[in-house]
1. If I filter region 118-128 for residues that are farther than 21 Å from Phe451 by Cβ and either part of a helix (DSSP H, G or I) or out of contact with any His (no Cβ under 8 Å at 6 or more places or on another chain) (or both), do I get at least one hit?
2. Enumerate the pairs (first residue in region 649-661 and in contact (Cβ under 8 Å) with a residue 12 or more places away in the chain; second residue anywhere and of a type outside the set (D, E, K, R) and surrounded by fewer than 14 Cβ atoms within 10 Å (Cβ to Cβ)) with beta-carbon separation below 9 Å, excluding pairs fewer than 6 apart on the same chain, so at least 6 apart or on different chains.
3. Do the conditions hold for Gly72, that is, is it within 28 Å of the chain's Cα centre (by Cα) and surrounded by fewer than 23 Cβ atoms within 10 Å (Cβ to Cβ)?
4. Could you go through region 105-113 and let me know if any residue there is in a helix (DSSP H, G or I), more than 21 Å from His173 (Cβ to Cβ) and in contact with a strand residue (DSSP E or B) (Cβ under 6 Å, 6 or more places away or on another chain).
5. For region 588-600, what are the residues that are surrounded by fewer than 16 Cβ atoms within 10 Å (Cβ to Cβ) and out of contact with any Ser or Thr (no Cβ under 7 Å at 6 or more places or on another chain)?
6. Could you please find all residues in region 283-312 being out of contact with any Gly (no Cβ under 6 Å at 6 or more places or on another chain) and acidic (Asp, Glu)?
7. Among the candidates Leu266, Leu309, Leu216, single out the residue that is modelled with pLDDT of 95 or more, among the hydrophobic types (A, V, I, L, M, F, W, C) and not in a strand (DSSP E or B).
Amino acid sequence: MLKRVIIILVGLLIVLALVVLGAGRGWFGNHEEPGEVTATRRSPGVVASGAIAQRAAAEGVGLSQPKQILFGDLHVHSTFSFDAFLISLPLAQGEGAHPPADACDFARYCSALDFWSINDHAEGITPRHWRETVETIRQCNEVGGDPANPDTVAFLGWEWTQVGATPEEHYGHKNVVLAHTDEGRIPTRPIAARGTALRTRGSLSRAGAGLGLFALLSREQRFHDFARYIAERREMEECDLDVNVHDLPDDCLETAETPGELYRKLDEWGHDAIVIPHGTTWGFYTPPGSSWDKQLTAAENDPDRQILLEIYSGHGDSDVYRDWRAVAFDADGTARCPKPSANYLPTCWRAGEIIRERCAAEGEADDECERRAVEARAIAAAAGGQAHLTVPGSRAEDWLDAGQCRDCAEPAFNYRPGGSAQYIMALRNFDDPDDPQRFRFGFISSSDNHFARPGTGYKEVHRRGMTESRRRGDLPGVLRAIIAPPTEEPTAKAVPFDPESRGTAGFQLYELERQASFFLTGGLVAAHSEGRDRGAIWDAMLRREVYGTTGPRILLWFDLLNPPGSRGAKLSMGGQVEQTTNPIFQVRAVGSFAQRPGCPDYASSSLSPERLAHLCKGECYNPSDRRRLITRIEAIRIQPQNHPGEPVASLIQDPWRSFACEPNPAGCSITFEDPDFAEEGRDTLYYVRAIEEPAPGVNADNLRCEYDEKGECIKVNLCGGPDALEDDCLAEHEPRAWSSPIFVDFRADG
């Protein structure tokens, strides 16, 4: 009898183990489907009414027959991306699946975009999900109607998500956008960042059994689906790096270690593609001390493909340069902690102050506390992006505003000035003295939304869903344990960062708590296009005749009035010219339409009430007849380096000129000249910002500091938390638009 009981128990344990193993391998989960595109386009009348209103606005600032300005979003993720799936889970208070078809419907009905692109992380896209993405984008375009005059154009693409542990090996994230969607004109598979892809596979392999047990205990089908999602990616094999892309098997994971390898593989495919860097100042993953100098080489830059730069997104502003750094490096490469400056407190310095405060609280002598503070600064500087993990038991609030750009408008978190648009545009490479290289980017904005919601910045509502703003405090303990570092007791001594001994990996390495206060609703790219069709939009991007906004549909024109040999013809933003005479510019800007609450009739008649609530959250792009005011125009002037090592700070003038605008709903028109160009005789680029009247914005005040009489941040009020899930953390900000630069190179006579 006892023997039979033991046999039964052993059998049950074996069955239980198999069930747990099977759950970890996704046996009980469903494949994450692409969804179904709603088969109703916006009516031609609705689309035409927007064009009519735009023409009237252009005439109001003295323009006749301008190109149409089309608005889009070239940075959108669905739950085909690993991080997007993770925050869709029930324990993250997630909304469930948001597949590529949701992005199509959102762009068409919720945000009413003219064009958009899907950009899921290539590191986690399986062959099946790539095929489904392609098919969904084709369906989205088929619904658009006449290809010469569609309501919305959907572009196919992916994100190359590279992250290096040190400044030397870090290149950052780049979106690849493809011109076409038809067979034979697109790659068989996307190209992932090799190091990131391999780390992702390693993490997924370790997730197996534990995730299976958790899925069984939670009794949530979405967790079984997540296990299936992970299992599908775990099975992918890496492609051979030395084989031409056309000779590789269809189902392997194609990777590129560096931007140069990415461009080489795109060349092998031979298809039209644009590569758009983004998050270039975003210190959430960018190591301190990183800069773009190493990317301005023949090996790592492709000036024919890498022609646009995302200057703003839901992850913040990457425009301005500041002459401070998070860490400094000695001649031997040793990281050291720089002193605070008027508008910047290095995170490593704050680490020392936290340790000093704890030391003093323990009653230690001042000299001992100073010694520990100095040691803590050195340890934190050496830890790079994980400086916050060198102070055991520290809370997000303890770091105050350390690492942040204090005098920037809605900056990216843990700002890295060496990746700012202004720094990038001021660089030159003199490897070939007869042909110095420089970047010539057009500027765009996009959303980087992870809920398949392109163009979320039309209204400042619904922080949770229109942004990625989450805090660990929002999450139940089980999921918090996955993404939070292990709990530690506070000590009065810093601890060197060692991920293995500390048991940290993945999202546990990053500052999720403070980052939650920096997520914004996201921006838009605007294209001066000769038509609504795919080819016309693509041509506008190739001309760099594009600009970015913080979300509102501000109308912006920026022209050089006196290019040589023009006979009255203007040179538009993004253009390039050589001349010896002083350039004369004209800016025209018209404010965006104030928004009405709710959704227009075409959205509510096309989507069911349930889908309208799930997808649009009951709020759509719904313009009134009232235009918001443009309050001022700012002109920025940058003179790229003339010799190796020329200091960059003095080459950037921001603002170089600032013009107040009359409070007129019809807009603002400014003409100005650079009176010093001919005399200084330097290549120069110019771009402008158009600033709208203040309005509330989600997370616009970031950490919401409280200041002392010296102007120092003494307390932060982080956004969100378990008692404030519905708080949109609104604060006044100034919506704005950035033109692409006009490049005026000096050509000496003779």
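1. Step one: list which residues in region 118-128 are farther than 21 Å from Phe451 by Cβ, which gives 127-128.
Next cut, either part of a helix (DSSP H, G or I) or out of contact with any His (no Cβ under 8 Å at 6 or more places or on another chain) (or both) only: 127-128.
Within region 118-128, one or more residues are farther than 21 Å from Phe451 by Cβ and either part of a helix (DSSP H, G or I) or out of contact with any His (no Cβ under 8 Å at 6 or more places or on another chain) (or both).
2. Taking only residues 6 or more apart or on different chains, the pairs are Leu651/Asn642.
3. Working: within 28 Å of the chain's Cα centre (by Cα): yes; surrounded by fewer than 23 Cβ atoms within 10 Å (Cβ to Cβ): no.
Here the answer is no, as Gly72 does not meet what is asked.
4. First pass over region 105-113, keeping only residues in a helix (DSSP H, G or I): 105-110.
Next cut, more than 21 Å from His173 (Cβ to Cβ) only: 105-110.
Of the ones still in play, those that are also in contact with a strand residue (DSSP E or B) (Cβ under 6 Å, 6 or more places away or on another chain) are 107.
Among the residues of region 105-113, at least one is in a helix (DSSP H, G or I), more than 21 Å from His173 (Cβ to Cβ) and in contact with a strand residue (DSSP E or B) (Cβ under 6 Å, 6 or more places away or on another chain), which makes the answer yes.
5. Pro597, Gly598
6. Scanning region 283-312 gives Asp293, Asp302, Asp304, Glu310.
7. Details: Leu309 fails: not in a strand (DSSP E or B); Leu216 fails: modelled with pLDDT of 95 or more.
Being modelled with pLDDT of 95 or more, among the hydrophobic types (A, V, I, L, M, F, W, C) and not in a strand (DSSP E or B) holds for just one of Leu266, Leu309, Leu216, which is Leu266.
Conditions tested, residue by residue: (1) in contact with a Phe, Trp or Tyr (Cβ under 8 Å, 6 or more places away or on another chain); (2) closer than 30 Å to Thr550 by Cα; (3) not acidic (Asp, Glu).
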{"residue": "Glu257", "(1), (2), (3)": "no, no, no"}
{"residue": "Leu266", "(1), (2), (3)": "no, no, yes"}
{"residue": "Ile276", "(1), (2), (3)": "no, yes, yes"}
{"residue": "Thr286", "(1), (2), (3)": "no, yes, yes"}
{"residue": "Asp317", "(1), (2), (3)": "no, yes, no"}
{"residue": "Pro338", "(1), (2), (3)": "yes, no, yes"}
{"residue": "Gly352", "(1), (2), (3)": "no, no, yes"}
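The values are calculated or read from the model by the stated rules, or taken from the named source; none is laboratory data. On a predicted model such as this, the values are computed, not experimentally measured, just so you know. In this analysis, Cβ positions are derived from the backbone assuming ideal geometry, glycine residues included, and neighbour counts consider all displayed protein chains.
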